[in-house]
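Enquirer: Supplied in structure tokens, the structure appears directly below.
The values are calculated or read from the model by the stated rules, or taken from the named source; none is laboratory data. Since this is a predicted model, take the numbers as computed values, not measurements. Don't worry about glycine lacking a Cβ; one is built from the backbone with ideal geometry, like all the others, and counts go over all protein chains shown.
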Amino acid sequence: MFKKKPTYLYKLVASSKNLLPSDSTFANLLPTLPLSDVDTHFIHLSTAAQVYKTLIKHFDAEDLVYVARLKYDDVEKNISWESPDGKETLQMGADGVYAHLRPTELWGSGVIESLESFKKDTDKTWEEQVKLIWRPDWLVD
């Protein structure tokens, strides 16, 4: 649990959706980065401490995952801290509590501060791979 509000929140996006052009660059990805199939009523976000848990739990079939970073101050008024399914409002920073952004129309270049990609070796699980890709200078709460 963190005691202060986070500086950043993160959105993980699977590259296998084939919604991104193969020649995507940082500049042209931002306005069109697709949401996941589960982002229908709100956008699922993670704190830095939750990124790898989310990656391991929901993206193991993916070899490449984009991670967009949002400044918390830019979206704070539209964030709810809730259970993963969004049915229960809970205390920010408690175990199992995730940030949800509403409305989904807020997604896009206006809220994405930067973007990284995490690549997994095909012979590894994300649980094995995360030990090799830690980015403390970029992935921070």
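Enquirer: Could you list, in sequence order, the residues of segment 51-86 that are assigned to a helix (DSSP H, G or I), more than 22 Å from residue 102 (Cβ to Cβ) and not charged (D, E, K, R)?
Expert: 52, 55, 56
Enquirer: What number goes with the only condition from (1) modelled with pLDDT under 85; (2) touching a helix residue (DSSP H, G or I) at 6+ places or on another chain (Cβ under 6 Å); (3) outside any loop (DSSP other than H, G, I, E, B) that residue 28 does not pass?
Expert: Condition (2) is where residue 28 drops out.
Enquirer: Another question, then. With respect to residue 16, is the statement that it is at pLDDT below 75, in contact with a His (Cβ under 9 Å, 6 or more places away or on another chain), closer than 26 Å to residue 126 by Cα and surrounded by 12 or more Cβ atoms within 10 Å (Cβ to Cβ) true?
Expert: No: the conditions fail for residue 16.
Enquirer: Against the definition (in contact (Cβ under 8 Å) with a residue 24 or more places away in the chain, in contact with a Phe, Trp or Tyr (Cβ under 6 Å, 6 or more places away or on another chain), crowded, with 19+ Cβ neighbours inside 10 Å and in a helix (DSSP H, G or I)), how does residue 130 come out, yes or no?
Expert: For residue 130, the condition - in contact (Cβ under 8 Å) with a residue 24 or more places away in the chain, in contact with a Phe, Trp or Tyr (Cβ under 6 Å, 6 or more places away or on another chain), crowded, with 19+ Cβ neighbours inside 10 Å and in a helix (DSSP H, G or I) - is not met.
Enquirer: Moving on. Report the residue count in segment 87-113 for those that are modelled with pLDDT of 80 or more and closer than 13 Å to residue 43 by Cβ.
Expert: Matching residues across segment 87-113 total 6.
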